[in-house]
Amino acid sequence: MDFRDHFPMWDKLTAAQQQRLSGPSFSRTVGKGTILHDGSECTGLLLIRSGRIRGYILSPEGREITIYRLFERDICMVSASCIMNSLQFDITIETETEAELCVIPPDAFRDVMQASAPLANYMNEIMGARLSEAMWRIEQILWKSMDKRIAALLLEESVIEESTTLHITHETIANHLGTHREVVTRLMRYFQSDGLLRLSRGTVELLDEKKLRELCDQ
C-alpha cells in the first residue's frame, strides 16, 4: 500500500522512519459489525483502506451514541490512545461495513511520532478534526430535537451511499443517535405520512430531500 494516501507528510519522514512504520504494519480484512477496539487493549493505529467504521460511546442505560465515522483513507487514532497521553476516551470502534485495514503496531507508531515533528503535527491536526466532529454531534444531542437529528442522519446516509434509497434499519438509526428504536419508528412514520420518505423492511426511500433539509435548519 502507499502510505502517502494516509500521511501527506510521508516524504518528510526519513527513510528509517518510513521503514519503522511500514515494516511491522500488516493488513487486516474484517466483516461488518466487528469490534476493532473497546478500550481494553492498545490495538495500534488503524489506516482505513476501504470500508467504513464508527466510534461510539454507551449511555448509562446501555444505548449507543455515534461520536464519529471514518471512511477510506482516514486514520483511526482512538485505537492507539495508549500511545497519546492526551487521548483519554472510552470509545468503542466498530465496522459499519466490511473493511480493509492496515494496522501499525503501537510501539512502531510511538517511536516515529516521538522523533518526527511533521508526523506529530499531522496527528494533532487529525485529533482536532475528530474533536470538532465529536463536538458537533454533542451539540446535536443537546440542542436538536429528535426529528431534526433523524432527518440530518438520513441526509448524511444519502450522501455516503450516493443514493436516496437507504438500506438502514430503525435499530441502526437508534444506535447512531442514542435513542430507542420505538422513538425512531414513530417519527419515521410521521415523516412517511408527510410524504418525506417511504418505508419498507430494512429500507428507507427519501422522497423529499428539500423538506428534510428545511426540517434540519428550523
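Please treat every number below as a calculation from the coordinates, not as lab data. Owing to the predicted nature of the structure, the values given are computational and were not obtained by experimental measurement. Cβ placement follows ideal geometry from the backbone for every residue including glycine, while neighbour counts extend to all protein chains displayed.
For this structure, a couple of remarks:
- The Cys residues in the chain with no partner Cys Cβ within less than 4.7 Å of their Cβ are Cys76, Cys102, Cys216.
- The value for the range 114-192 of Rg(Cα) / (2.2 N^0.38 Å) is 1.45.
- Note on the range 144-217: with charges restricted to the Cβ of Lys and Arg (+1) and Asp and Glu (-1), its dipole about the Cα centre is near 280 debye.
- DSSP-assigned coil residues among trypsin sites (Lys or Arg not before Pro) in the range 25-58, each with at most 13 further Cβ atoms within 10 Å: Lys32
- Counting other Cβ atoms within 10 Å as a rough exposure proxy, the listed residues Cys216, Cys82, Cys76, Cys102 run Cys82, Cys216, Cys102, Cys76 from fewest neighbours to most.
- Per-residue extension of 0.36 nm, minus the Cα-Cα distance of Met9 and Ile141, leaves a gain of 44.0 nm for this segment.
- Listed by chain and number, the aspartates and glutamates placed with their C-alpha closer than 20 angstrom to that of Lys211 are Asp147, Glu156, Glu157, Glu161, Glu162, Asp194; residues fewer than eight positions away on the same chain are left out.
- For the chain, the longest piece that avoids every one of the chymotrypsin sites (Phe, Trp or Tyr not before Pro) found in DSSP loops with at most 16 other C-beta atoms within 10 Å covers 90-218.
- Based on alpha carbons, the Rg and Dmax found for the range 3-139 are 14.6, 49 Å.
- Relative packing of 94-100, 172-178, 157-163, which averages over residues the other C-beta atoms within 10 Å, highest first: 172-178, 94-100, 157-163
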